[in-house]
């Protein structure tokens, strides 16, 4: 009898071990299939032809003499307001500070191949998901470090102010808050441009509650998942790797805080400033605040939209037009433990 029980226990143990192995093998196989499908999709996207060149207006302006102004105005009429007299543009050509700014841009961006390649990959993804998309006229310029307007996107034009992407420790940025300056680097050009496109494609009738804002910004970040998969998650959201790890590790307590404090459906106007807007840290009014990165509401919104996309398998452009309530209800979001 004793031997029979031992045999049963041993058999049960072997069965459990076998079941665990089969489960692990199944998960691995599914991951492999998914990875292969992703690779095939990327290979297909990279075959798409997009026709564009990067026009370096910043270099043309740096090399210009006052006598070159008519030619520049003819080539780039959209950069010269009719209400500004030529004397102002000529003064800028001769201005010492302006020349120093242009010299720094030329020094950092003498070779533009890496960014050029990333633009091509972004445009290929846009063309794949939106057949009506055509690559814009891409023009680089300077804007006196107006970091609130680093990029401008229209249907036919993309403007990139390179003096906003010289590197976080650049001398021009010493009076800019560190939490903003840390994203003023070459690595952020394409994520910034992708976000500008995301805003063009995104529709949402309501942005009243904290959840509305979270979902809106979550859509913009999910758009980056799809359109610039060659960028890291940290680059997409503008976090350091350490900040991203903090957000991932604290996903569950952050979510619990939002639920317990009944913040999701609150229309308190202070909430976007605490959890959505650029800031050195998020404001839970707890000791952990100083450890946290800013914009954690955006981060959680991103995870909700990702969960919705995984659950519904909908096209990215369709997701960008969904209302936050539908996304939230169908996502059935559960934070990482």
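The values are calculated or read from the model by the stated rules, or taken from the named source; none is laboratory data. Note that the structure is a prediction, hence the values are computed from the model and not measured. Virtual Cβ from ideal backbone geometry, glycine too; neighbours counted across all protein chains shown.
In table form, for the structure just shown:
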read-out	value
When residues of the stretch 90-122 are limited to those that are loosely packed, with under 11 Cβ neighbours inside 10 Å and under 28 Å from the mean Cα position of the chain (by Cα), the one modelled with the highest pLDDT	107
Subset of the stretch 257-267 [part of a helix (DSSP H, G or I) and closer than 15 Å to residue 285 by Cα]	257, 258, 260
Flag for residue 87 being assigned to a helix (DSSP H, G or I) and exposed (fewer than 11 other Cβ atoms within 10 Å of the Cβ)	yes
Tally, over the stretch 184-205, of residues that are crowded, with 21+ Cβ neighbours inside 10 Å and over 15 Å from residue 225 (Cα atoms)	2
Checking residue 163 against (1) buried (at least 21 other Cβ atoms within 10 Å of the Cβ); (2) touching a residue at least 60 places away in the same chain (Cβ under 8 Å); (3) touching a strand residue (DSSP E or B) at 6+ places or on another chain (Cβ under 8 Å), the condition it does not meet	(3)
Condition check for residue 71: over 15 Å from residue 161 (Cβ atoms), in contact (Cβ under 8 Å) with a residue 24 or more places away in the chain, over 31 Å from the mean Cα position of the chain (by Cα) and exposed (fewer than 13 other Cβ atoms within 10 Å of the Cβ)	no
The listed residue being surrounded by 14 or more Cβ atoms within 10 Å (Cβ to Cβ) and either farther than 23 Å from residue 331 by Cα or under 13 Å from the mean Cα position of the chain (by Cα) (or both), out of 171, 251, 243	243
Inter-residue pairs, beta-carbon under 6 Å, first within 20 Å of residue 126 (Cα to Cα) and in the stretch 198-225, second assigned to a loop (DSSP other than H, G, I, E, B), 6+ apart	201/320; 202/320; 203/321; 216/204; 216/207; 219/202; 219/320
